[in-house]
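The values are calculated or read from the model by the stated rules, or taken from the named source; none is laboratory data. In this text the structure is predicted, and so the values were computed from the model without any measurement. Backbone-built Cβ (ideal geometry, glycine too); neighbour counts: all protein chains shown.
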């Protein structure tokens, strides 16, 4: 481990890194040629190459968002990013075949172990591409398709062409344009009609190289009446220079389908995490985003649901932890585009050691969408005087037959709570850890047990040495 | 009980305490030995709760004069959690709620931090079940969040449950009887009596009715930050009957 890494690794457990072995590594910087080279390397159909190029041009023209943390956004040096790095020549379906360095990394992250115990399928992405991929046989037999996105495009070009960019067009925002131009990896998941996938499927995204850009693209289609739970985790080494993670995730829940998408991102604090996640829910479909943001330098992410069919339901449960030098700009957007659609948004954030968390939400009910119900709850906990929390809720309600509730609270840990817990034998740090874990509990209980335990440990670690 | 050797648990010497610059306690002296039950009575604002809180180490209370010793050692250097681990316990008048933290998990962690040997899973569950049975507490308590949405009586029961599990050497009970119906009072009193056999107990109360069930060895009347009179159980009866005015006059 280099000294540079050690200095800033701090309490972050996943800050270790491997030697940067690569089989193909592009020079830093972005141009139309780089975009074309990526597409050529992947031997893509022409429509994808053209889409990439179109997106690239849009990216170049598109100005940076003039909202959010503009200072940090404008510090991104797009010329100092590696846009493509292949570290293994193919995606293996046995861990034994994965190069040792990379396999060891995923072992340290506990992925193979989790896979054996409780997962239905796993994709492990390292830098730009998946290095490992597998799915349980019984799911495959039922017609479930779970592939890395590159393989998905190769094997199911017609499905990909139909849905890719259908929820999030390349021109949606600057970063969706960037992702569409240089995307690599991510998951492609299709659940056939009526199939219920009982065990969660997981993707794990790991950045290893310095100044790396990771641009995975995920597309999930749940056909009529099917259900699936998709889980993703993310970590990266701690470097003193920045990396960029800019994903696009599109979910399509057809009639009566249910998709739950759970994320705990724990990027190191040198990673820009600028992600667009959006779902379409058709008639009576349910989409649930369970979204945890613990790491990164700046996260901007607002999981969205378009409630397009009558009776559809959206659930967005998110937590954000903003520690030293971090800004978590997160939230949720729900568009009620059909009648009798319902949504729940619960957002909880903690700011500590000068960290900043912002809730940014949009709730829209179109004039024709009658009888909609929605509840939005935002709770912020601020642990010290240096830290900050802001809320930017927007509501556009087009009719009076809909029932909407909005609650927001900002609180501090009370000295009564601390004294009470300390009088029961807990140190001040332990007491803080308990209070913080309790505050996030409505989120944690929605996670698979293994993730919940890990998240609680992580937060307890964050509380250590918190009070002078 | 009744052995010749007395074992001092708490010694309060000429204790003066201020809150935000306002003097509350103005020279309290008190010694509690193991196996003794002391009751402190007094009007609202006399300083009773301050005494309990300052002994436990509440950061808002400033000791301006005097000292407090626990089992012979001065307390001033000990943090609140160290006092708990040393064997001190405060049953709160208004226990704080900790949303999202389940009672069962909280109890296990608390007991683990106070005891030298952390409790083992099955043994602890057995112990916990027995204690809850004594207090007529339903198992569903364990999955609720600590004091969150609890009634007054439920909060007090949870305090006593913690006391039974933590087995303190000094138990400070701050108006544990308030807000309890007679059945709950009986159950709580039973818990206190059990702990009192091996520890020193300081019971802060306004009423005689708890002292009918938990027989004090000493009763202290507190007025305006000092213990003005100490007696046996009969003092509590007189205070209940006649109030505190006669003490004012006597002072």
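Quick notes
- The conditions of being in a strand (DSSP E or B), within 14 Å of chain B (Cβ to nearest Cβ) and in contact with a strand residue (DSSP E or B) (Cβ under 8 Å, 6 or more places away or on another chain) are met by residue A:348.
- The stretch A:420-468 - residue that is touching a residue at least 12 places away in the same chain (Cβ under 8 Å) and in a loop (DSSP other than H, G, I, E, B) and, of those, surrounded by the most Cβ atoms within 10 Å (Cβ to Cβ): A:447
- Index of the failed condition, residue A:409 passing every other in (1) within 14 Å of chain B (Cβ to nearest Cβ); (2) more than 26 Å from the chain's Cα centre (by Cα): (2)
- The criterion of being assigned to a loop (DSSP other than H, G, I, E, B) and closer than 23 Å to residue A:435 by Cα does not hold for residue B:99.
- If you go through the stretch A:412-441 and pick out every residue that is farther than 16 Å from residue B:96 by Cβ and touching a strand residue (DSSP E or B) at 6+ places or on another chain (Cβ under 6 Å), you end up with 2.
- So residue B:123, is it free of Cβ contacts under 8 Å to residues at least 40 places away in the same chain, more than 8 Å from chain A (Cβ to nearest Cβ) and either on the phi > 0 side of the Ramachandran plot or in a helix (DSSP H, G or I) (or both): yes
- One residue stands out among those in the stretch B:160-179 that are more than 14 Å from every other protein chain (Cβ to nearest Cβ) and surrounded by 22 or more Cβ atoms within 10 Å (Cβ to Cβ): the one that is farthest from residue B:213 (Cα to Cα), which is B:176.
- Single residue of the stretch B:98-108 satisfying the filter (more than 8 Å from chain A (Cβ to nearest Cβ) and in contact (Cβ under 8 Å) with a residue 24 or more places away in the chain) that is farthest from residue B:198 (Cα to Cα): B:102
- Flag if residue B:111 is part of a helix (DSSP H, G or I), more than 10 Å from chain A (Cβ to nearest Cβ) and touching a residue at least 12 places away in the same chain (Cβ under 8 Å): no
- Residue B:86 passes every criterion in (1) crowded, with 17+ Cβ neighbours inside 10 Å; (2) facing chain A (nearest Cβ under 8 Å); (3) in contact with a strand residue (DSSP E or B) (Cβ under 7 Å, 6 or more places away or on another chain); (4) on the phi < 0 side of the Ramachandran plot apart from (2).
A quick yes/no check of all residues on (1) over 24 Å from residue A:114 (Cα atoms); (2) outside the structural domain of residue A:73 (by TED's automatic domain parsing); (3) modelled with pLDDT of 95 or more:
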{"position": "A:155", "(1), (2), (3)": "yes, no, yes"}
{"position": "A:170", "(1), (2), (3)": "yes, no, yes"}
{"position": "A:177", "(1), (2), (3)": "yes, no, yes"}
{"position": "A:191", "(1), (2), (3)": "no, no, yes"}
{"position": "A:201", "(1), (2), (3)": "no, no, no"}
{"position": "A:205", "(1), (2), (3)": "no, no, no"}
{"position": "A:208", "(1), (2), (3)": "no, no, no"}
{"position": "A:212", "(1), (2), (3)": "yes, no, no"}
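- Restricting A:301, A:308, A:324 to those that are at pLDDT 95 or above and either at positive phi or surrounded by fewer than 24 Cβ atoms within 10 Å (Cβ to Cβ) (or both) reduces the list to A:308.
- Condition met for residue A:359 (within 14 Å of chain B (Cβ to nearest Cβ), over 16 Å from residue A:463 (Cβ atoms), modelled with pLDDT of 95 or more and out of contact with any helix residue (DSSP H, G or I) (no Cβ under 7 Å at 6 or more places or on another chain)): no
- Any hit, the stretch B:116-129, residues being closer than 25 Å to residue A:414 by Cβ and surrounded by fewer than 17 Cβ atoms within 10 Å (Cβ to Cβ): no
- Checked against the criterion of being within 14 Å of chain B (Cβ to nearest Cβ) and out of contact with any helix residue (DSSP H, G or I) (no Cβ under 9 Å at 6 or more places or on another chain), the candidates A:416, A:390, A:429 yield just one match: A:416.
- Scanning the stretch B:55-83 for residues being outside any strand (DSSP E or B), more than 12 Å from chain A (Cβ to nearest Cβ) and within 18 Å of the chain's Cα centre (by Cα) gives a total of 2.
- Each residue in the stretch A:245-275 was checked for being under 28 Å from residue A:115 (Cβ atoms) and part of a strand (DSSP E or B), and 18 of them qualify.
- Filter result for residue A:468 (at pLDDT below 90 and more than 29 Å from the chain's Cα centre (by Cα)): yes
- Any hit, the stretch A:393-403, residues being free of Cβ contacts under 8 Å to residues at least 60 places away in the same chain, under 28 Å from the mean Cα position of the chain (by Cα) and within 14 Å of chain B (Cβ to nearest Cβ): no
- So residue B:27, is it away from chain A (no Cβ under 14 Å) and at pLDDT below 95: no
- Entirely in the stretch B:143-246, the helices (runs of 4 or more DSSP H) that have 3 or more residues that are over 23 Å from residue B:55 (Cα atoms) and out of contact with any helix residue (DSSP H, G or I) (no Cβ under 9 Å at 6 or more places or on another chain): B:233-242
- Residue in the stretch A:170-182 that is touching a residue at least 24 places away in the same chain (Cβ under 8 Å), in a strand (DSSP E or B) and buried (at least 24 other Cβ atoms within 10 Å of the Cβ) present: no
- Residue match in the stretch A:380-389 (condition: buried (at least 22 other Cβ atoms within 10 Å of the Cβ) and free of Cβ contacts under 8 Å to residues at least 12 places away in the same chain): no
- Some residue of the stretch B:2-14 being surrounded by 23 or more Cβ atoms within 10 Å (Cβ to Cβ), farther than 23 Å from residue A:424 by Cα and in contact with a helix residue (DSSP H, G or I) (Cβ under 9 Å, 6 or more places away or on another chain): no
- Restricting attention to the stretch B:190-205, the residues that are crowded, with 16+ Cβ neighbours inside 10 Å and either touching a strand residue (DSSP E or B) at 6+ places or on another chain (Cβ under 7 Å) or under 11 Å from residue B:37 (Cβ atoms) (or both) total 10.
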